[in-house]
Structures are given as C-alpha cells and as structure tokens.
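The values are calculated or read from the model by the stated rules, or taken from the named source; none is laboratory data. A quick note: this is a predicted structure, and the numbers were derived from the prediction, not measured. As a convention, Cβ positions derive from the backbone with ideal geometry for all residues, glycine included, and neighbour counts pool all protein chains shown. The protein model used for the area step is the full one, side chains on, heavy atoms only, and it has no ligands, DNA or RNA in it. Shrake-Rupley method; radii C 1.70, N 1.55, O 1.52, S 1.80 Å.
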Amino acid sequence: MLSCKTLLSQRTKSIRKKKKTKTKSKNKKTTKSVSTKQNPISKNYQELEEEEEDEDFEEGFNLKASARSSSHGVQPLGNLYLSPGSVNSRNTGLGNLQTLTDELVLEILGLLGGTHLGVLATVSRSFYVFANHEPLWRNLVLDDLKGRLLYNGSWKSTYIAAHCPSFDVSSIRVSGLRVRDFYSDYLFQSWLCANLEMKPEWLERDNIIRRRGISVEEFISDFEEPNKPVLLEGCMDNWVALAKWDRDYLVQLCSDVQFLVGPVLMKLGDYFRYADQAREERPLYLFDPKFGEKVATLGSEYEVPVYFKEDLFGVLGNERPDYRWIIIGPAGSGSSFHIDPNSTSAWNAVITGSKKWVLFPPDVVPPGVHPSPDGAEVACPVSIIEWFMNFYGATKTWKKKPIECICKAGEVIFVPRGWWHLVINLEESIAITQNYVSRRNLLNVLDFLKRPNASTLVSGTRDRVNLYDKFKNAIEASFPGTIDLLTLKAEEKNAQQKKSSFWDSVMDSQAGAFKFSF
C-alpha cells in the first residue's frame, strides 16, 4: 500500500515544480496532476515548501485525462496531519471499529451481501464511504453472476441493475456523495492507481535485444539455448489478424460467443463496453485459452512464427495443458509478476496496441514479490501501477537490472522458461500468446512435472498427477531415444562447466591474483 510519506513526498515535489515553472510561464496550462484539486493541502504547508531550497526533486504524478475526481472525496492521510483543527470523519463514523485497519474493515464488509451493504451505508458518513468501496461490489457481481454481465458505469450500479431490473440505475451518480474530512491512504491509493498515467521514466528503459530476419539456428544458439529474451520483428507480417483484427471485426465475427474474462464469461461486445467505462486499479483482462475452439477463424488467421514451430506438448493431443490464449485489455490492464506455467517458454505477439514488459532472470526475484519456498504460490500484494511507484526505481541501482521493452503491434517477444515478467497495456491491446516445449527445455519441463508437489504446481490440465507419465511415454513413443540423448548432452555440458582449466586453478579471478593450489 502507498504510505503517507510517499503521497506527501509526491505532493511536495509537485508543489515545488509548480513554484519554479510559474515564474517562467504564467499563462502556460499545466498538466492535470494528482496534487491540484484532488489533494487540497494547507496553506502553512505550502509556505513551508517555499522556504526549502533543495532543488533535487522529481516531477509529480500525472492523472489520466479521463480521471474522475477522488472517490467520495477521500484524501491521503498526510493531508490530515497538515490541516490543523481537522478531525478525521473516518474515525468518528466508525465508532469502536475505528481501531481496525481499513483493510480489516473492508475484509469484514466483504462478508456482507448487497442489501446489508446498502443499509450500512446509511449509518454514518464513514460507513457510507466504506460500504461504497467499488471492489466490494465488484466481488459481489463476479461471485454471484447469473446471466449476462452488463457493466453500468460502476460495479454498484451493475449489481443493482442485475438484481433490481426495474430500478433506474442511471439516477445513481458514478462518483456518489462527497464526504468532507475523510482521510485514508488505503482507500485513496486504490483511486490513485486507477487514474495515474505511466510516468515517462517508467517507459524509457529499452534494453532488450531486437532481431529481424534471423535464422532458426541463430535464434536457438543465441537466445533459446542460453535462455535469453529477445524481441523479434517482422515474423508476423503475413498474419491475416494483423490487418483485420479490430473491435468491429472481432465483435461481428464472434457474435454471441463468450470468452473467459477473469472468473466470468462475457461476449466481446459486452467486454468492450466494460473496458470503455471502467476506471479500476486492476481492470478485468480477457484471457481465453479456448478461443481457437470457440471461433475456428481466429485460430486460422495467425500462424506460429517459424522459431517456435517445435512444440513437443503436441504429442499429447487434446490432453495437453492449456497453451495458447487470446489476450484483450484496456490501458492499465495486464499481468503482475509471474513465471509461465509448467516450466515452459513462451512467445507473445501484439496485434494491436502496445505493452510494457519488465523481465527478471530466474535467479532474481523482483522486488515486492514473495514466492513460497515450493513455488506453488506467489504473493504480489500490490497492483502493477503501485509496483512501479514503490519498487521500480530501486531496480536502477541493481547489478542485475531487469530486461525491459515496449512491444508494439507487429512485434513478438520471446519469454524464456523461468523468467519473471510483468506486463501492462499502455493502450487497448489485442495479442496472442503461446507456451511451448522444445528440445531445449524438454528436460526442465519433465523435471517440473515430476516434482513431489506437482499436484499443486502443474496448471492448465485436469490430470496434474499423471501428466508426467503421460508426457514422457508419449515423447518416447513419438521420438525414441530423444530423452536419453538430451540427458547425455546435459551431463556432458555440466561436466564441462565444472572442469576448470589450468589458469582457472592458479588464478583467483575474483581477487585478480594467483593462488597456490597445486
């Protein structure tokens, strides 16, 4: 969660910036920023900032042009500390519950149904704010969806429209009532992250290797075998999808077909309606593994790039784990840090839009990410935008810096097995991604599938326990001797790496001096 210190720091920096630019151009319009209308701050605090002479600062965060005003007038807690005489209506309205954290209050309210939340919202100004917290209503809609999901500007309006069809939801204001003197970092950060633009400094680093027109042999030797990411250009130029896939075409083609969007199924037209209206910290993401079976034309209008033709999971036929997905999402949607399933490698092709990628090698856990010892679970407690706000800057000083790029329409990124990666759409985007197994990562996949806790680690298939035996037997039947040959080569490679040369035995490479070990 964003700290008061972080929010105040950004407010401070924005004020300083305005003071400096004001004298240069009084008539110049400033960019809409978090620190203008939505974050009122005391006059005394502004005067204090004028006295500071430190000029080492960063620019404040900018809001999206479509950003609505802060939800119910909630302000960051730091504003209370700098507004003498103010009383936090959050506490007075909660009574004895004020000692609980905001997270715990919302956790308790999450146990209530829509009717009880509506009643609770009438108790006090504080309960009004908490009971109208959009994620509560989002969970109610998604957990109890019956029939078609039609988003109506907010999750509360959507819930009411679904359960009380006769009620005119157009009379409900999206922003709701504004409550004075309500201060909460937790509630404010949800609105803030939903409405922030990506800062230019988060987008400027582009250190991935780019290649166009390389041979399959070059791809294998330079990238797949050493397990290194690469961005490939020009390998989807002949895709029909690249020329045809836009909103109108897909909605007409797919008609009433429903696709997987988070935990629910939605028609494409309904999903685009949601994407146009929603302003969320974590927007719903269309991520469907059966799109080719649902609409055969979609599967026929793209082809696997030549570098990824070998996919040994194909020997399982219909029993193979999920391996290909169509991905559609608005700006701000994406995937927080994760490793692709079953130790597979992957490729991701952008058809429309653009995506920001951040990748860390297998031996470097991204900051803010906490995997369990067995790898079965990954705790990433912050949203994508909040990760950039709180953790991205620290990676600039790391010895092993992340690989980053912006992948645009017509480009394909290769994601090697085991690499952590985060992806955020910079604009509405449509993409295809596939996970695959080649001879270069076959042994790694087999080792992964036979782990003792495979029943919790393996994904994309109903038969997690027996997948190892099925896959190994199918490989041996289709490609006799392949596993033994790859195992022998791997053992020889490991032995070669362990074998030190004469100079390695007499030179301490780290100290840069001889060591007498003979």
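Among the helices (runs of 4 or more DSSP H) confined wholly to region 394-490, which include 2 or more residues that are more than 29 Å from the chain's Cα centre (by Cα)?
Fully inside region 394-490 and qualifying: 467-478.
Applying the criterion of being of a type in the set (Asp, Glu) and over 20 Å from PRO321 (Cβ atoms) to the residues of region 343-389, the residue that is least open to solvent (accessible area, probe 1.4 Å) is GLU386. Within region 384-398, residues that are assigned by the TED database to the domain that holds ASP206 and among the aromatic types (Phe, Trp, Tyr) sit with their Cβ atoms under 7 Å from residues that are open to solvent by less than 50 Å² (accessible area, probe 1.4 Å) and in a helix (DSSP H, G or I), at 6+ positions apart or across chains, in these pairs: PHE388/TRP202; TYR392/TRP202. Residues in region 325-342 that are within 10 Å of VAL423 (Cβ to Cβ) and surrounded by 21 or more Cβ atoms within 10 Å (Cβ to Cβ): ILE327, GLY329, SER333, GLY334, PHE337.
In this structure, TYR436 does not satisfy being of a type in the set (Phe, Trp, Tyr) and over 30 Å from LEU231 (Cβ atoms). Checked against (1) in contact with an Asp or Glu (Cβ under 8 Å, 6 or more places away or on another chain); (2) closer than 30 Å to SER383 by Cα, VAL304 passes all but a single condition, namely (2). Only one of the numbered conditions (1) surrounded by 14 or more Cβ atoms within 10 Å (Cβ to Cβ); (2) assigned by the TED database to the domain that holds LEU359 is violated by ASN152, and that is (2). Residues in region 215-264 that are surrounded by fewer than 18 Cβ atoms within 10 Å (Cβ to Cβ), at pLDDT 95 or above and within 22 Å of the chain's Cα centre (by Cα): LYS228 alone.
Quick one: would you say GLY78 is more than 15 Å from ARG180 (Cβ to Cβ), at pLDDT 85 or above and surrounded by 12 or more Cβ atoms within 10 Å (Cβ to Cβ)?
Criteria met by GLY78.
Here the condition is being out of contact with any Leu (no Cβ under 7 Å at 6 or more places or on another chain), among the aliphatic types (A, V, I, L, M) and under 30 Å from LEU312 (Cβ atoms); of VAL458, VAL437, VAL445, VAL412, it holds for VAL445 alone. Look at ALA409 and say whether it is under 23 Å from MET236 (Cβ atoms) and open to solvent by 10 Å² or more (accessible area, probe 1.4 Å). So ALA409 passes the test. With a requirement of 2 or more residues that are in contact with an Asp or Glu (Cβ under 7 Å, 6 or more places away or on another chain), the strands (runs of 3 or more DSSP E) lying completely within region 178-277 that satisfy it span 210-212, 230-233, 258-261. Of all residues in region 100-117, those being in contact with a Ser or Thr (Cβ under 8 Å, 6 or more places away or on another chain) and either hydrophobic (A, V, I, L, M, F, W, C) or under 19 Å from ASP143 (Cβ atoms) (or both) number 0.
Condition check for PHE57 on (1) at pLDDT below 75; (2) open to solvent by 80 Å² or more (accessible area, probe 1.4 Å); (3) not basic (Lys, Arg): one failure, at (2).
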